[in-house]
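This report refers to the structure that appears directly beneath it.
The values are calculated or read from the model by the stated rules, or taken from the named source; none is laboratory data. As the structure is a prediction and not an experimental result, all values here were calculated from the model. Note that each Cβ is placed from the backbone with ideal geometry, even for glycine, and that neighbours are counted across all protein chains shown. The accessibility values were calculated without ligands, DNA or RNA, using every heavy atom of the protein model including side chains. Shrake-Rupley method; radii C 1.70, N 1.55, O 1.52, S 1.80 Å.
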Amino acid sequence: MIKAPYLLFIGDATDKLSIKMAQGPVDWSPEQCLGELSVTGCTVTTGLPQLSIAQAAKMGAKSFVLGFANSGGVLDAKWHDVIKQALEQGLDVVSGLHQKLADIDDLAQLASNLGRQLIDIRHPQQSFKTGTGEKRSGKRLLTVGTDCSVGKMYTSLALEKEMKAQQLDVDFRATGQCGILIKGKGVAIDCVISDFISGATESLSPDNRGEHWDIIEGQGSLSHPAFAGVSLGLLHGSQPDALVICHALNRSHMRGLPNSQFPSIADTINLNLQAARLTNPNVYVAGIAINTSSVSIDKGQEICRAIGQKFGLACVDPLRDGVASIVSHLQLPPPKLTVMDDSSLKSHSAKITDMAKRA
């Protein structure tokens, strides 16, 4: 449905994390991307060359991708004229915002007149049933996190890439708009009605061959007051055999909530194991993925080694170090990792908090 190649529009973004809808395809499907378009005030970049809409159209661009996100997911009216220019140059327009392009009358009318598509990939077209919790064949790994935007999608894609390189039977299952743009299919789970989140996830990862792995992209965090609901439904519906815990260094509060408490890795392991056992009592943690981009490579590797030793798990930065050590754990019998008791939890939390402060 989404035609490549893309012109990625990042507007006047100033936060690198806010352009993940553009950066994701550049990092994971660069052959689909021609260039980026930004305007005055933008201070970030995907690293692609700057192109005007007319230049991109002449080079064969098929889709104009809104590569930014904002609080609330509403399209600012100041971008309407830019989108109209893209439509007039013969490009479809792709959006991952909560607000539907198709609901904006003047854009919808122009697209219809020109025979162009407005593609709102965040909004599922199919209907879903409620979850059942019934055991499904095949194997599943879910990435979960201490917070939003800590690298769950990148970790999931890195795992798929490494497992395919090892000739394992594996598929990435996208649950967010960026993952869908990269892979061309999936379900944006945060736009599914709450009663059907677990059922939608079950349909995303149905019965499969016994040795097949589905790598399911996580969303949000069980510790985030705004997004814990979608995280829980995704956790129950994915029925994971294995979890990978994702974390970003040097955060002091949950993303977008400056007065919130940030959970420890130990807290996150406990919360997710307890919740996941509702649909898979044998779930285990296969590894820890750390975004260490806020420190040097050497310091990041030192921190990963220390965290890995504390928890007895493979711990890596997926982009800097690769994920082969985590994949190797998937080839072994599942470890008997239990939920920590109160004294162990407090001890681990204090150690990891101290390491983060020293980083």
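Going by the conditions given, is residue 22 farther than 21 Å from residue 174 by Cα and either aromatic (Phe, Trp, Tyr) or within 20 Å of the chain's Cα centre (by Cα) (or both)?
In short, no.
For the range 42-74: of the residues being aliphatic (A, V, I, L, M) and modelled with pLDDT under 95, which is farthest from residue 102 (Cα to Cα)?
69
Any idea which of 303, 290 is surrounded by 20 or more Cβ atoms within 10 Å (Cβ to Cβ) and more than 22 Å from the chain's Cα centre (by Cα)?
After applying the criteria, what remains is 303.
Pairs only if they're at least six apart or on different chains, beta carbon under 7 angstrom, first in the range 1-20 and closer than 15 Å to residue 59 by Cβ, second open to solvent by 60 Å² or more (accessible area, probe 1.4 Å); list them, first residue then second.
3/62; 4/62; 5/62
Quick one: which residue in 195, 207, 169 is acidic (Asp, Glu) and either in contact with a Phe, Trp or Tyr (Cβ under 7 Å, 6 or more places away or on another chain) or within 25 Å of residue 320 (Cα to Cα) (or both)?
169
Residues that are part of a helix (DSSP H, G or I), open to solvent by less than 30 Å² (accessible area, probe 1.4 Å) and of a type in the set (Val, Ile, Thr): does the range 6-16 have at least one?
no
For the range 48-82, what are the residues that are open to solvent by 30 Å² or more (accessible area, probe 1.4 Å), of a type outside the set (A, V, I, L, M) and within 16 Å of residue 5 (Cβ to Cβ)?
Hits for the range 48-82 are 49, 50, 52, 55, 58, 62.
Counting just the residues of the range 90-130 that are touching a strand residue (DSSP E or B) at 6+ places or on another chain (Cβ under 8 Å) and of a type in the set (S, T, N, Q), which one comes out most open to solvent (accessible area, probe 1.4 Å)?
117
So if I check each of 78, 20, 58, 62, which one is of a type in the set (Lys, Arg) and touching a Cys at 6+ places or on another chain (Cβ under 7 Å)?
From the options 78, 20, 58, 62, the qualifying one is 20.
Take residue 212 and tell me if it is surrounded by fewer than 20 Cβ atoms within 10 Å (Cβ to Cβ) and touching a Cys at 6+ places or on another chain (Cβ under 6 Å).
Judged against the criteria, residue 212 is not a match.
Tell me, yes or no, whether the range 263-274 has at least one residue that is under 19 Å from residue 133 (Cβ atoms) and out of contact with any strand residue (DSSP E or B) (no Cβ under 9 Å at 6 or more places or on another chain).
Taking every residue of the range 263-274 in turn, at least one turns out to be under 19 Å from residue 133 (Cβ atoms) and out of contact with any strand residue (DSSP E or B) (no Cβ under 9 Å at 6 or more places or on another chain).
Tell me, yes or no, whether the range 191-205 has at least one residue that is among the charged types (D, E, K, R), open to solvent by 30 Å² or more (accessible area, probe 1.4 Å), over 17 Å from residue 126 (Cβ atoms) and in contact (Cβ under 8 Å) with a residue 24 or more places away in the chain.
No: the range 191-205 contains no residue that is among the charged types (D, E, K, R), open to solvent by 30 Å² or more (accessible area, probe 1.4 Å), over 17 Å from residue 126 (Cβ atoms) and in contact (Cβ under 8 Å) with a residue 24 or more places away in the chain.
Which is of a type outside the set (A, V, I, L, M, F, W, C) and within 17 Å of the chain's Cα centre (by Cα), of 263, 240, 258?
On inspection, the qualifying residue turns out to be 240.
Of the conditions (1) of a type in the set (A, V, I, L, M); (2) within 24 Å of residue 157 (Cα to Cα); (3) open to solvent by 20 Å² or more (accessible area, probe 1.4 Å), residue 278 satisfies every one except a single condition; which number is it?
Single failed check for residue 278: (2).
Condition (residue is over 30 Å from residue 88 (Cα atoms), in contact with a helix residue (DSSP H, G or I) (Cβ under 7 Å, 6 or more places away or on another chain) and not charged (D, E, K, R)) applied to the range 112-127: is it met by at least one residue?
Scanning the range 112-127, I find no residue that is over 30 Å from residue 88 (Cα atoms), in contact with a helix residue (DSSP H, G or I) (Cβ under 7 Å, 6 or more places away or on another chain) and not charged (D, E, K, R), so the answer is no.
Would you say residue 196 is in contact with a helix residue (DSSP H, G or I) (Cβ under 6 Å, 6 or more places away or on another chain), aromatic (Phe, Trp, Tyr) and modelled with pLDDT of 95 or more?
no
Quick one: which of 20, 3 is open to solvent by 30 Å² or more (accessible area, probe 1.4 Å), assigned to a loop (DSSP other than H, G, I, E, B) and basic (Lys, Arg)?
Sole residue among the options that is open to solvent by 30 Å² or more (accessible area, probe 1.4 Å), assigned to a loop (DSSP other than H, G, I, E, B) and basic (Lys, Arg): 3.
Return yes when residue 29 is surrounded by 14 or more Cβ atoms within 10 Å (Cβ to Cβ), closer than 26 Å to residue 159 by Cβ and not hydrophobic (A, V, I, L, M, F, W, C) and no when it is not.
Here the answer is yes, as residue 29 does meet what is asked.
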